[in-house]
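First comes the structure, then the notes that go with it.
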Amino acid sequence: MLTVLDGNSFLVADDHGDVGAGSEGLYYNDTRYLSAWQLLLNGEPPQLLSSDTVDYYSAAVFLQNPPLPGMPAGAVSLIRNVFVGEGSLQNTLRVENHLIEPVELELRLEFDFDFLDLFEVKAREYRDEDLVFTRRTEPGFSVDVSHDEDENSWSFRLRDGVFSAEALVWVSQRGHTGDRFISHSISLEPGETWESRANVVLLSGDSRRRDRYTTFYFGQERVRVEESLRAWRLHAPELSTDWEELRNTYTRSLADLAALRMRARQGSRMGDLPAAGLPWFMTVFGRDTLLTSYQTLLLGPSLAGGTLETLAALQARERDDERDSEPGKIVHELRLGRVAAEGGAFPYYGSVDSTLLFLILMSELYRWTGDVDTIRGLREPAMRALGWMHTYGDLDGDGFIEYHRRSKRGLESQTWKDSWDSMRYHDGTVARTPVAAAEVQGYAYDARLRAAELCRHVWGDPELAERLEREAAQLKTAFNQAFFSERNGDGYFVLGLDNEKRQIDSLCSNIGHLLWSGIVDEPRAAAVAEQLMSDTLNSGWGVRTMSDRDRGFNPIGYHTGTVWPHDNSLLTAGLVRYGFRQYANRIASDMLVAARHFDYRLPEVFAGYRRGMTPFPVAYPTACSPQAWAAGAPVLFLTCMLGLRPDPADGRLHVDAVLPEACRRLELRGIEALGRRFDVSVQGGHAEVRESA
C-alpha cells in the first residue's frame, strides 16, 4: 500500500498508485471522496517497477508497459508523482519511449467519487455494521456529475440533507472524455516524452469553488506543505548517536509526527495538534492527542499548545447523555463527516481520562516553557476540568473517578483500553460498569498535584492549591488500600474496581501508569517494577497489556495481551520516576529493537507473543500506521534515558542521563526549554548540558 498524507487529508492507494479496492481512497474531513483512480495503458494495467513515499505528503511510482502486441515489456516507462495537500491531490504522469522506433499508446484514467463516511468504509471493510454510530450503513444519496469541456474539468457533487461535499478534477492534457474518465491517444518518437497532470480539489460544507483553483492549490499549497516540513525538521532537536535503532526510529518518528499534524483552530497562536492515526483516526482524539503532545514536548511546545487550545474550545458546557458529555469534560472524539452531520453523537465525550490528562499536559507545558501567559489564558478551562472531577467524575462519592456510559451508541469501556472486553477479571469474565480503573485514579492524583502547582506559581490561588494537595493525599491513601491485592506473593495492583467495588483482579500493564503518576506508595514500587519485568507480563518485545497467567489473556486481543508502544513509553517514564533506570532502559531497548522489524516505524499495537517464540514481533492486522502516540513513544524513551527535567523555578534544564549498554555516545542539539535552546551530550557515562550557541 501507498499512504500519502497531510494532516487529515490522506490517500490510501495500492503500490501502483491506483485506488479501487477495500478502504483505498482519498479522504478529507472523515469522508472518502475519491473511490476510484486507475491508469490503463492500451487497456492493461502497467507493470510495477518500484514505488514508495518520498516525503509524507508525496510518493513516486515507477511503471513500465506489459508485453503488448508489437511492443515488448519495458519499451515505455511511466512515472507517476503524487502530492497530497489540505483537501487536494495532484497526480503527474510522465511517459517516455525507450525504443528506437515510434510507438502508439492509449492512456486512460478512470476515476469516481462515492463520498462515503469513514465509518461506512470501515464497516464494509470489517463487515461489521456496529462500527457505524448511526442507524444505517447503506447511504441513500446520489452523486451528481458534470463535465466542463472548455476547462477540461469535472465536478462531483453530493447533496444529502444537512451534509454536502464536492470534488473537482482538472486534467492538463485534453483527450477523449466521459463522465468518469479521460483517455489520450499519443504518438511518441524514439526518446520522446509526454506529460500530463491531474489535479483534484475536495470541498466540504460551505466551501465554494474558487477561480484558478489549480494555481491556488498546487502553487501556494505545495509551498505551504514543504515549508511546514522544513520548519518542523529545523525546529526539532538533532540527534547524533552510535545506536542505530534509536537514531533511525527517532528520525522516522519525526517524519510521522510531521505528517500527522493538523492545523489548530483558525487564528490559533499556539501551534498544530496531532491526529491520532492512519487510516481510521485522522481526527482529534482527546486522549491520544493529549498523550502524544506530552510524549513529544522534547520536540518543542507547538503540539502541546495547539492541543490545549483546541481541546479547551471543545470542552463540554452542558450535560448531553447522547454524547456522554458533562460540563468541564474534555472531548474524546471529534468527527466532521456525514455520520456526524446526521446525528452520529459527535463531538463524543466518552473518555474518563481525557479531562485529567488535559490538566497533566497543561502542567507539563508550563514546566517545559515557563510560559505563564499561556497558562493564565487556560485558567478557566482548567477550573472547569477540576469542577468536572468533583461534580461528575466521582459517580458515587467514594473519592474515585468512575465511568459508565449513558449513550446507547457510546463506548462501554472509557479508558485507553476502550474495547468492550478489556476490563476482565482473572477468570476471564468481563466486569460490569460503573468501573473505577486503576490508572485513572493515578491520573486524578497527578492532575490534582499539578493543578496545585499551577495555582501557587501562576494563578495566585494558594487556598485552592492546599485543598487539591489534601485531596491528592487522601486519594493516594485510599487507592493503595482499595486497589492492592495480596493474592500473589508480594501482592499487586489490580486493574480496577467493578460496579460492586470488587477488585477486577487481573494483572495488567496499567500498573506502569501508576508509577508514572506517582500514586504508588514507595515500599510497593519495587514489586510493581519486578512485575513489569516478569515473563508473565513482559514479552521480551515489550510489556503486554495483560499477563499470560490471566485467563482473559490473548496475544492478539486488542487490549488483552498485545503490546502497545505508547503504553510502554508511559510505564518507562514511571520506572524512571521511581529510580528503576535499568529496567526502564531494558524496555526502551526492547521496543527500539522491535521497531527495526517494522522498518523503524512503531505501529499502534503488535502481538504479545513471547520473544522466545518469535524471531520478530508479530504484526497486528488492523493496527494504525503511522499512529501518533506510537510515533511519540521513541521521543519519550529518549527523554527518559537522558533524565531531562526543565525547572521554571531555577530556569535550568536538568539532565540525569543513564543510557542503555547499546548506546555509548549520544548528543542531542537544539532542545527548546524555558525559552532557550540547549545541547546535551553523553559519553562514557558523563553528561554535559549547555546552552546552544
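For the chain, the dipole from Cβ point charges (+1 on Lys and Arg, -1 on Asp and Glu) about the Cα centre works out to 1340 debye, to the nearest 20. Of all aspartates and glutamates in the structure, the ones whose alpha carbon falls short of 18 Å from that of K122, not counting any fewer than 8 places away in one chain, are D14, E24, D30, D114, D130, E138, E333, E342, D418, E604. If you take all other residues with their beta carbon under 12 Å from the beta carbon of L40, and give Lys and Arg +1 and Asp and Glu -1, the sum is -3. Diffusion coefficient (Stokes-Einstein, Kirkwood radius over C-alpha pairs, 10 °C, 1.306 mPa s) for the stretch 507-552: 147 µm²/s, rounded to a whole number. Axis angle, to the nearest 10 degrees, between helix 522-533 and the longest C-alpha principal axis of the chain: 40 degrees. In the chain, a dipole from Cβ-located charges (positive for Lys and Arg, negative for Asp and Glu) runs towards its positive end, and of S204, A473, A236 it is A473 whose Cα lies farthest in that direction. Which of rounded, prolate or oblate describes the stretch 397-526 when judged by the alpha-carbon gyration tensor and an a/c cut-off of 1.5? In terms of gyration-tensor shape, oblate. What angle, in degrees between 0 and 90 and rounded to the nearest 10, separates the Cα long axis of helix 438-457 from the longest principal axis of the Cα atoms of the chain? Around 80 degrees separate the two axes.
With neighbours defined as other Cβ atoms within 10 Å of a residue's Cβ, the residues T307, T289 order from fewest to most as T307, T289. The alpha carbon centroids of the stretch 415-435 and the stretch 528-564 are separated by 15 Å. Kindly express, to the nearest 10 degrees and within the range 0 to 90, the angle between helix 302-314's C-alpha long axis and the longest C-alpha principal axis of the chain. For 302-314 against the chain, the angle is about 80 degrees.
Our note on the geometry: Cα centres of the stretch 220-259 and the stretch 605-630, 23 Å apart. As a rough footprinting exposure proxy, the listed residues I79, I587 were ranked by other beta carbons within 10 Å of their own, and the order from fewest upward is I79, I587.
Based on the mean of other Cβ atoms within 10 Å per residue, sort peptides 171-182, 452-463, 561-572 so the most packed one is first. Intermediate values should be presented prior to the final figure.
Working: 171-182: 15.1, 452-463: 17.1, 561-572: 27.3.
Ranking the peptides 171-182, 452-463, 561-572 by packing returns 561-572, 452-463, 171-182.
Once backbone amide H atoms are built at 1.01 Å from N, R409 has no partners under 5 Å, excluding neighbours fewer than 5 places away on the same chain.
Each of L297, L63, N42 was placed along the dipole of the chain (beta-carbon charges, centred on the mean Cα), and the one lying farthest toward the positive end is L297. Each part gets one Cα centre, and for the stretch 1-36 versus the stretch 348-391 those centres are 35 Å apart. Straight-line reach from K329: taking Cα to Cα under 25 Å and skipping same-chain neighbours fewer than 8 places apart, the lysines in range are K408, K417, K476, K501.
Could you list M613, M262, M282 in order of exposure, starting from the residue whose Cβ has the fewest other Cβ atoms within 10 Å?
Numbers: M613 10, M262 19, M282 24.
Placing the least packed residue first, the sequence is M613, M262, M282.
Percent of Cα pairs in the chain per distance bin of 20 Å, from zero to the largest separation: 17, 49, 28, 6, 0.
Bear in mind that the values in this text are calculations on the coordinates, not laboratory data. All of these numbers come straight from a predicted model, not from anything done at the bench. Glycine also receives a Cβ, built like all others from the backbone with ideal geometry; neighbour counts cover every protein chain displayed.
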